Every structure is written in structure tokens, then in C-alpha cells.
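So the structure is just underneath, and the comments pick up after that.
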Amino acid sequence: MTETLLEIDNLGVDYETARGDLKALRDISFDVKKGEIVGIVGESGCGKSTLISSILKLTAPNTRFRNGEVRFKGQDLLQNNERQMRSLRGSDISIIFQDPMQTHNPVLSIGAQMVDIQHRSKAAKADKRATAAKMLAAVGIPDPEARLDQFPHEFSGGMRQRIAIAMALMSEPDLLIADEPTTALDATLEVQIIERLHELQREMHCAVLFISHHLGVIAELCDRVVVMYAGAVVESGDVRAIFHDPKHPYTRRLIDCDPGHIKERARVLPTIPGEVPDLANLPTGCIFRDRCEQAGPRCAAVPPLAGIADGHNAACWLNHKGGVS
Amino acid sequence: MSLLSVKGLKTNYGPVNVLAGIDFEVAAGETYALVGESGSGKTTVIRAIAGLAPAQEGSVLFDGQEIRGLPERALRPLRKDIAMMFQDPVGSLSPRLTIGSLITEPYRIQGMRDRDLDAEAKRLLEMVNLPAHFASRYPYQLSGGQARRVGVARALALEPKLILADEPTAGLDVSVQGELLNLLNDLRERLGLAMVIITHNLNVVRHVADRMGIMYLGRLVEEGTTEEIFHKSRHPYTRCLLSANPEPDPDARLERIALKGEPPSLIRRPKGCEFRERCPMAQEICTQTPQWDIQKGHGIRCLAPLS
């Protein structure tokens, strides 16, 4: 049994707004084991970003942690103070953000930034610079020594994202959070980035929490997948179980909608009719009920996230005895 | 006769040679996709067609009329027939105008003052499946998908013959992306629109485009029907692009052809085949310059094409 690195346990997060509390995350539970790649997939507004900022405690001022725990190596991060969090961020837990064009400081050379983030190390500056060059080489930037003196605008988008990966991995973190790291890049670069990430992850044995709405990338990279919808986990399990045998109607619809799945030219592509519910004014019962074709009377009650097979969970009455009726 | 015929289109920004001679044609009612990496010049092509980017050489025939290099005054009436959908859906809408005035702005610009603009706004919103009360909203109140639909409504307001769409589904969730593509497909059938669509999502191309052109470094390197490109592509670059398309299936065994390095400089273009240094199949002959070779509607620029 591999050791668990990150455990999200029954996490509930609200945003206080003028319209009342917006229930951004409700009863989120899943874990990430050492050296594992877990994908979080879901559409805009499903709470992916709130989840990441909650793990790092980089939340907006109107955020309220309502209940639950975020345990990292057994310790509840929600109980940590800011000083303790700062010592974790960028050392034990690193993050790669979505937009490589805005991740770096435009007025400092890449080398200066890569030396800066080693501020915890007592090594001499020349050694830090050598480490930076080594890391750039590891992410496939040619001529790293010379390129350290260049500024962000002198690199292409794909290179900047690789530099962001290099910076995130420099501290050899136990957990790397990648927030849609390939969304802003085109397909060839996307493949380059995920392959590079996979390679480095295998070398360093760090765990990765990979957030994306691109199902193809999730399928290719991840060991396990957590599917989120409107602030809740609707299904989680092994990547094969999720893609080959989804047990929640939302997961099924999401996979059906991906045009990558439809090989012949289709006149009409599948969609998910309806809108995501208003999280400040939650509907009762199953969160997906209004858009679900299979909904029945039982869906007026919230279905629990229950085990179907080993490690495969879904929050849907269809998987229970008696179904939705 | 083609609705749009682009010949030898060249664009330079100072020393940067962005387009090095683009040729393609789009028939009425046809959808043509331009595909390629960032920086290959896709956006410049459609901006040059619309007169929004310079084009120093070449010809752009629209409905038989030369429109390259026309002054703004002469272009304005043409903009009734050629509409543009911009890449950034929210950024392309003025934050100070309501959705209603944004989608009827084309009528005001074209001086069509006899129209009942409120009624037009309602009709257009309905056409793109947005509720009529959206007319009084502002862009910041819209989601990305809704802003895209407003962009579509604006582009369709004047019933154009040609739509130039720059990454119309970028950043959209898959379900919303499906909605938008269905909408475009439907409108195209009902109104007989021709479209030039730019996208780097090959899964999208497969479902909307009749024909497609693959761009590399400001040139077309391959062109053909979508069917043919997906199943019988012959240029190594096209194969690289097609293989870099992650499948939503964890067991998919992809024979991925890795693309090496970065695109070369547009200021000092490489000699011979410009893809040579990154090409996994480069041969001796590739030091010579490949010419555009078109047979039975399938064009290719490669001296060692794959079979």
C-alpha cells in the first residue's frame, strides 16, 4: 500500500457574496498517494480553482472554510498559519499556473528569477545558477547557460511553460499542482509539455494533482481521475474505470461530448442541455438532477459518494439497489 | 467560381516575413479550416483578407472583386459580406455597451437606420439561443460561452456571405463547444454561409470543415478535403500535428511522431525545406526547396512525401 500524501476530507468552502453564501465546494473527499498523478476534471465553475487555492491557502478574502480537512503528510493545512504555509509553498508543494505568458516577472531575467526562488538554500549564488541551468536543460531548453540571461519575452509560450515547470520542480516538491498547464498552448506543445512532465515526474517521484478540462490529456497522463461538477465530486476512480466504465451520468455525458471521441464527421455534436446550478441558491437533491436524463424521484435526496468497486466511487442513485425510483 | 480566392498573399512586418505566399480558395457555402502551430500565420491570413493586417503582395478576390489593399472607405461596404469572429470573446466586446447595442452596432455602422434595432437584437439573440433579456446586459455579466454566442450574433447581423472565425471554440468547455459548433453548422446550412475557421483543435476541424489547409511558417504545406487529410495526409508536419492529438481513451496507443525543437526564425528563413530541421523524416533531397504540388485537389509542399 502506497503512502497517502494528500487527503482532502469532507472539505466545504463558501464564498461570502452580496447574494449570500456561495457554496463553492461541498463535501469534497479524495486523496493523492505518493508519486501518483491524479487528474481533476470538470467544466468552468465546477470548483477546480477553488480547490487548488484551498490546498495552498491562497484564497480570496471572502473565502470561508466551512468544514473538513486538507491533510498533507497527515497534518491539516487548514490549521496552519500563514508562516507555516509559506514554508510549504514552493518547497513541499509547488504549482504551475495556466498562463505561461503571465507567470514570470517580465523585468527580471529568467536566471535571476530561478536563483531567487532558491532563497531557502544556503548554496553560493554560482551554485544556484548552475542548478537553474541544469533544471532548464532538464525541461529541454537548449543552451541553458546562455538563456538564463534572457528575459521572459525572449521565450515562446511553450518554452515559458517549460521554464515554469523547471521552477516548480527545482525544490523537488512532494506534490506538484498543475492548474490547466497546457490550456493556453497549441496541440503539439501540449503533447511536448505533458510528455516532459511525465518524464520528470517519474524521475523525481513527486505526486501531481493535474487540473484540466481536456479529457484527452487527462486520459493520457493520469493514474486516477476525480470528476467534479458544480462544487462536488461526482465520481472518482482509476483512469480506466472512469473512461471505460463511467458510473455517473455526468461523467458519461462529458466523455460523450468530447469531439475527440467521435471519429466520423457528425452533423450534430452531443451537448449537455441546461445550465450549471446557481451555487448561491442550491437546488435540493442531486446537483446534476436538472440536467440528467435518467433522473427519478429518489434524486430529490443527495446521493452519497459511494464505492462501486475498489477505489471507484460515484455519487448517483443509479448505482444503488432500487435505482432512482 | 470561388467566393474567396487568395493568391500569393504575402505579409511582412518590417523584416519579419509572416506570410510567404498563401494560396487557397473557398466556395460559397464551404467551410475551410486553417490549422498550424502558434506563429504559423493563421490569424494574419484572415486579418489580411479582412483588411485588418497589411498584405504587401498577392491578391484577394472576393466575389470576383480584388479587395487587397483597398482603402478603409472602400472596404466598409464589403464588411457587410465579410464578417469576423475574433479570438478573445469577451475582449472583442466593448465593456461599455450593452449586448443589445453591441449586436446592432453593425447596422449603425452601415447606416441602416431604417431598421427596428430592438427587434433585430431580439431576432439575433434568438438565433444564437440567448434569451431576449440579455439585450440589456453588459459583457462582464456573460460567461465565455455566452460571449462567444454574442460574437456569432454580431458576425451574422448583416447576413454576410463569408465568416472569418479565429479560434471560435478556444477556452470553451466541451459541452459548450459542442453547442457552438452545432449552432455554426446549423446557421451555415440555413444561410448558406462560407467560413474560414482557424483552430488548433483537430477534433473540431473534423466536425466542421469541408476542406483544410495546414500552415507552417507562413506557407501552406498541405491542403485537401478534411477526410483526405485525416486519413491520407502525406506531409510529415501534418502527420506530426495529427499524432499530437491526445485521445480521451487511456488505452489509446498513439504512434506519436515527436516534433523536435521550435519553429525557425521568420527573419532569416532556413534554406531548402523550411521544416527540414524539425522533420523526423528529413532526407538528403530536403536541402532543395520544395514547390507546391497539387493533384486532384490534394496539395503538398514536400520533396519526400509519405505514402
Judged on accessible area alone, 1.4 Å probe, highest first, A:T4, B:T31, A:T284 line up as A:T284, A:T4, B:T31
Assign one of three labels to segment A:97-213, namely rounded, prolate or oblate, based on the Cα gyration tensor with a ≥ b ≥ c the square roots of its eigenvalues; rounded applies when a/c is under 1.5, prolate when it is not and a/b is larger than b/c, and oblate otherwise. oblate
In whole Å, largest first, what are the principal axis extents of the Cα atoms in chain A? 69, 51, 45
Give me the percent of Cα-Cα pairs in segment B:57-207 that sit more than 23 Å apart, rounded to a whole number. 37
Rounded to the nearest 10, the angle in degrees between the Cα long axis of helix B:144-156 and the longest principal axis of the Cα atoms of chain B comes to 80
Could you tell me the ratio Rg/Rh of segment B:1-79? Both radii from Cα atoms, Rh via Kirkwood. 0.95
Segment B:41-106 - Rg (one decimal) and Dmax (whole number), Cα, Å: 13.7, 40
Please work out how much length the chain gains when fully extended from A:T131 to A:E195, using 0.36 nm per residue of separation minus the C-alpha to C-alpha distance, in nm with one decimal. 20.8 nm
Förster-model FRET efficiency, 22 Å R0, A:R240 and A:E264, C-beta, rounded to 0.05: 0.35
Averaging over every viewing direction, what projected area does the convex hull of the Cα atoms of segment A:1-109 cover, in nm²? 9.0
Dipole magnitude of chain A about its Cα centre, charges +1 at Lys/Arg Cβ and -1 at Asp/Glu Cβ only, in debye to the nearest 20? 360
Note, segment A:309-322: 3J(HN,Hα) by Karplus (6.51, -1.76, 1.60, θ = phi - 60°), whole Hz, Gly/Pro = x, goes 9, 3, x, 10, 10, 8, 9, 8, 5, 4, 8, 9, 4, x
Quarter of Cα convex hull surface for chain B, i.e. mean projection, nm²: 17.1
Solvent-accessible area of A:M204 with every protein chain in place, 1.4 Å probe, in Å² to the nearest 10: 50
Residue-normalised 222 nm signal for chain B, counting each DSSP H run of n ≥ 4 as -39,500 (n - 2.57), nearest 500 deg cm²/dmol, is -8000 deg cm²/dmol
Principal-axis tilt of helix B:174-191 within chain B, Cα atoms, nearest 10 degrees: 80
Evaluated at q = 0.22, 0.26 Å⁻¹: base-10 log I(q)/I(0), Debye formula over Cα of segment A:104-170: -0.85, -1.21
Checked against a 20 Å limit on the C-alpha separation, the offending pairs among B:K10/B:K271; A:K33/A:K73; A:K73/A:K247 are A:K73/A:K247
If the only charges are +1 at each Lys and Arg Cβ and -1 at each Asp and Glu Cβ, what is the size of the charge dipole of segment A:1-149 around the Cα centre, to the nearest 20 debye? 400
What translational diffusion coefficient, to the nearest whole µm²/s, does segment A:144-276 have by Stokes-Einstein, given a Kirkwood radius computed over alpha-carbon pairs, a temperature of 25 °C and 0.890 mPa s viscosity? 145
When all Cα-Cα pair distances of segment A:204-323 are considered, the percent exceeding 23 Å is 35
Could you tell me which Cys residues in chain A have no other cysteine's Cβ under 4.7 Å from their own Cβ, answering none if every one has a partner? A:C46, A:C206, A:C222, A:C257, A:C292, A:C316
Net charge near A:D21, counting Lys/Arg +1 and Asp/Glu -1 over other residues with Cβ under 11 Å of its Cβ? +2
7 Å from Cα along Cα→Cβ at both B:N129 and A:A300: what's the point-to-point distance in nm? 3.0
So what's the Cα pair-distance distribution over the protein assembly as shown, bin width 10 Å, in %? 3, 15, 24, 26, 20, 11, 3, 0
Full-extension gain in nm, A:H320 to A:N80, via 0.36 nm per residue minus C-alpha separation: 82.5 nm
Go through segment B:109-126 residue by residue and turn each phi into a ³J(HN,Hα) via Karplus (6.51, -1.76, 1.60, θ = phi - 60°); whole Hz please, and just put x for glycine and proline. 4, 7, x, 8, 7, 6, 6, 7, 5, 4, 5, 5, 4, 5, 4, 5, 4, 5
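The values are calculated or read from the model by the stated rules, or taken from the named source; none is laboratory data. None of these values were measured; they are calculated from a predicted model. Reconstructed Cβ throughout: ideal geometry from the backbone, glycine too, with neighbour counts over all protein chains shown. Just the protein is used for accessible areas: all its heavy atoms, side chains included, with ligands, DNA and RNA removed. Shrake-Rupley method; radii C 1.70, N 1.55, O 1.52, S 1.80 Å.
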